[in-house]
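Heads up, the thing below is written out as structure tokens.
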Amino acid sequence: MRITDLPASTMRVLKQNKLISWFVIAHSLFAIFLGRLFAFAPDEVGYIFTFNQVYTWPIGTTAQTASGWIAAPTVFLWIAYLPAKILNVIGIPDYLAVRILSIALATLTLYLLKDILEKSLGKKWVSQKIILFVFFIPSVFLWTTVGLRESFIIAEITLFLAGLNFLFQGESKKAFVFLFLGSYGLVSTKSYLWACLMVTVVLSSIVFLLLKFEGRKILMFVVSGLLLPSIAFASTTSAFALDYLLHTSISDTGERSGDSIIQVYVDSPGTGSSSTGTEMKPTKELITFHGDSTLITLHFYLIDNPDSLFSKIFKVIHLDKKIQTIWDEKVAIGLIHKDKQVGTDTSSLNGHILEPGKITRPLTLIWAAFVFLCGPFPFIVNPGSAVGISSLESPLWWILYAVVIVQFTRFRKVKFLRDPQILFALIFLAGEIAFSALVEVNLGTSFRHRSILLAPLVFLYVRLAQRAKEQKDSQLDAI
């Protein structure tokens, strides 16, 4: 079927939302291209297992223990995964159905942020492209395509921020729904981020009272954003999940080992001859890898799936040989060590252990936060292939930070410190950074968790423009 054969209404939607259309197409093609390859997001296997097992009766949490959804209410997962389940029932593979849901959530995030921008600046191409650029930062593009929780987290934070914006724009009904869904979704998805969000709710509400904002709006903000989601979560989650959350300690989290260990049996070539004079056959040796999960998964995937599109492309550009060379080098190192371990000085992202900051030593938080925001740093020493490739993305984040700072400079006359939306986003962003500085223990998770900064950073960018337009319109009305 040709694109011209599409219904007129569909064509009209595509024409009116070209950026979003290209966004969906690019993510969908990438999701299909990856197929059942989980090398770039090994945890995706656990989430797909949860998706396949969670729709059972009677309700149980067994399905959730294989993924990060361990503390999520099962009812929440039933509702959250329902669109993917429908796709799966009509014949779409489980991995692709979950990825399509992830893409849909990322698209919702983009739409909400783009909508705020368009209400202030109209459809200015440059500003729209800046937002789109952020979503195409390689790691963000990856996390919002695969079936992890990042798309859920980013969408839930954006829903909450959009709800706050609706509240102070006078759209109370939308505000109530968005604040509740964002908060309840986040506590079900990532409890420590929700705790950070709620601390921000309390602190910002105090600031709003001091600045004499309308009391009714502050009350609605606290009720719909904190109290009702807390009651809903406590009513729908399991006793195990509540116990798990209540006994989680920040200090314990920061003190956990950041080492990622994987054990693999590999062929060990026979050496010498047996007593009968026959050549010894290769044996199996158990090698312990520290990190390198992507390398391991890629190695076996290329062997087991030689006819997949991914494998064929890797073969054409000779990356399959590069993967094999690195694999052979790692295995050789492991075989010559007495303890059969390899990767304590690995080039793998997860193999690089970070030193989190300590509350008792405040200065350590500064360096830990800096590494979280700006690392890994390119062209420093010889970090290895995985870290070296990942470090090439870091300048893109530096550009994003610069763009937001320039936006503050550009609209410095809008009295943004008296704007409730901007104040809240700033406090929450500071809390996110401080918390990450306390708990990130390896470069791999730090690299992935940085994507959660996307929502508040872009919200600040678009809200500053909206605030400037509001002040300009107010001045025009006064004339």
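Where Lys and Arg each count +1 and Asp and Glu each count -1, what net charge lies around Val403 among other residues with Cβ under 12 Å from its Cβ? Numbers along the way, then the final one.
Values: positive: Lys129, Arg410; negative: none.
Once all neighbours under 12 Å are counted, the net charge is +2.
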- Residues with beta-carbon under 13 Å from that of Ile452, excluding Ile452: net charge, scoring Lys, Arg +1 and Asp, Glu -1? 0
- The lysines whose Cα lies under 28 Å from the Cα of Lys472, excluding any fewer than 8 residues away in the same chain, are Lys114, Lys119, Lys123, Lys124, Lys129, Lys173, Lys174, Lys212, Lys217, Lys413, Lys415
- Between region 408-479 and region 144-222, what's the alpha-carbon centroid distance in Å? 14
- Message: Can you compute the FRET efficiency between Lys173 and Asp328 using 1/(1 + (r/R0)^6), with r the Cβ-Cβ distance and R0 = 51 Å? Round to the nearest 0.05.
- Response: 0.25
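Specify whether the C-alpha gyration tensor of region 357-436 places it in the rounded, prolate or oblate class, a ≥ b ≥ c being the square roots of the eigenvalues: rounded for a/c under 1.5, otherwise prolate if a/b is larger than b/c and oblate if not. List each step's numbers first, then the result.
Details: a/c = 3.21, a/b = 1.53, b/c = 2.10.
Oblate is the answer for region 357-436, as a/c is 1.5 or above yet b/c matches or exceeds a/b.
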- Taking a straight Cα-to-Cα line shorter than 18 Å from Lys322, and setting aside same-chain lysines fewer than 8 residues away, one finds Lys312, Lys330
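We did not get these values from a lab; they are worked out from the coordinates using the rules stated. Predicted model only: the values in this text are computed from it and were never measured. Note that each Cβ is placed from the backbone with ideal geometry, even for glycine, and that neighbours are counted across all protein chains shown.
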